[in-house]
Amino acid sequence: MMLMPAARIRLFTNRFSSLLPPSPSSFPFSLSFRNSTSHSPSPTTVSATKTPKISVSDAAKFARTILFIPPGITPEEVTETMILTGSNIVLGPYAGDAKVKEVQFIGSSVRPKDCPKDDRPEFAMLGRSNVGKSSLINSLVRKKEVALTSKKPGKTQLINHFLVNRSWYLVDLPGYGFANAPESARMDWSSFTKGYFLNRESLVSVLLLVDASVPPQKIDLDCANWLGRNNIPMTIVFTKCDKTKNSKGKRPDENIKSFQELIQENYKIHPPWIMTSSVTGLGRDELLLHMSQLRNYWDN
Ligand SMILES: Nc1nc2c(ncn2[C@@H]2O[C@H](COP(=O)(O)OP(=O)(O)OP(=O)(O)O)[C@@H](O)[C@H]2O)c(=O)[nH]1
Ligand SMILES: [Mg+2]
């Protein structure tokens, strides 16, 4: 049966995202909303201790306390081989068609209401400026300069739509938290993108990019919690997992573990998360598979 877009997204949201109460407050806001309703056990979670060995470090193993079980499969049916490497994501029966055969840049929109009006499913890249949103798009589609990247924060300034295989969109967005960006690159990020997230009915999932080479940042935690409170489905994509040489800081897997612990209490169903690197290609195929199962379920 064909469902109307609004009905489809509601169906999807109810199944996938956190059960935090929606919030009318603006983005970003503090972590102070934590509430008791979010601590009840979920029927779709499963302890990682039930799964045998996984091929990530001890810290990452510890972080993987809750698996993401997609539609079409029960926790009891999960086996080790179904878990995508470097993630908490179980691959279910909706996965498939994860190859990128072609990509077209469709256009840039200044305002959320100017975005393409067709009903194709889309995934939006969200994250701090310089976290690697544009680089991840290039990595996913295996093209160097489809999305423009820069060492300087604030490179992406508009909502950019990329059509993949003529059937679904990747959306590159401006980053938030311009720590080192020039004044000219700053804008009212909140009002600019908030409307997009709250009103975009074809949004299958936000890919919330978090830099794994630095410890958890408050603004990223606020962002994860804002999405949760507003029932916007998200996948946490840890970027720059190749950056292990920084002797001063902690390793990516340790930072990932800390981030997981900080958001864990707020979610009844732990969001899917995955480790990636646009430099080495780590997590690329896995993320595409995950996106395929979300998309195919949404399309269903
Ligand atoms: N080592 C490493 N560097 C990366 C990775 N991803 C991105 N970078 C670098 O990080 C910088 C920023 O990348 P962008 O893709 O432009 O970041 P962005 O999030 O799109 O930034 P804005 O458009 O400013 O919001 C560039 O110098 C990239 O080469 C990664 O996985 N590993
Ligand atoms: Mg960018």
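What to note about this one:
- Scanning residues 5 or more positions from I106 or on other chains, those with amide H under 5 Å from its amide H are H161, F162, L163, with H placed 1.01 Å from N in the peptide plane.
- Cα gyration tensor category, rounded, prolate or oblate, for region 222-289 with a/c compared to 1.5: oblate
- Phi angles across region 150-156 convert, under the Karplus curve 6.51 cos²θ - 1.76 cosθ + 1.60 with θ = phi - 60°, into 3J(HN,Hα) values of 7, 5, 7, x, x, 5, 7 Hz, Gly and Pro given as x.
- Label separation (D299 vs E76): 3.1 nm, computed from points 7 Å beyond Cα along the C-beta direction.
- With 23 Å as the limit on Cα-Cα distance, the pairs of K152/K218; K99/K144; K194/K250; K117/K218 that go past it are K194/K250; K117/K218.
- Under Karplus coefficients 6.51, -1.76 and 1.60, residue-wise ³J(HN,Hα) of region 104-119 in Hz, glycine/proline x: 10, 7, 8, x, 10, 10, 7, 10, x, 6, 8, 5, x, 9, 6, 9
- With θ taken as phi - 60° and the Karplus curve 6.51 cos²θ - 1.76 cosθ + 1.60 applied, the whole-hertz 3J(HN,Hα) list for region 78-85 is 6, 10, 4, 5, 7, 8, 5, 4 Hz, x standing for glycine and proline.
- Carbon and sulfur %, accessible surface of region 67-147 computed with the full protein complex present, 1.4 Å: 51
- Cα gyration tensor shape of region 102-169, rounded if a/c is under 1.5, else prolate or oblate by comparing a/b with b/c: oblate
- Rolling a 1.4 angstrom probe over region 214-300 with all protein chains present gives an accessible area of which 48% lies on carbon and sulfur atoms.
- With DNA, RNA and ligands ignored, accessible area of I106 (1.4 Å probe; Å², nearest 10): 80
The values are calculated or read from the model by the stated rules, or taken from the named source; none is laboratory data. Since this is a predicted model, take the numbers as computed values, not measurements. So basically every Cβ, Gly included, is an ideal-geometry build from the backbone, and we count neighbours across all protein chains shown. For the accessible areas, the whole protein counts, side chains as well, though only heavy atoms, and no ligand, DNA or RNA atoms are used. Shrake-Rupley method; radii C 1.70, N 1.55, O 1.52, S 1.80 Å.
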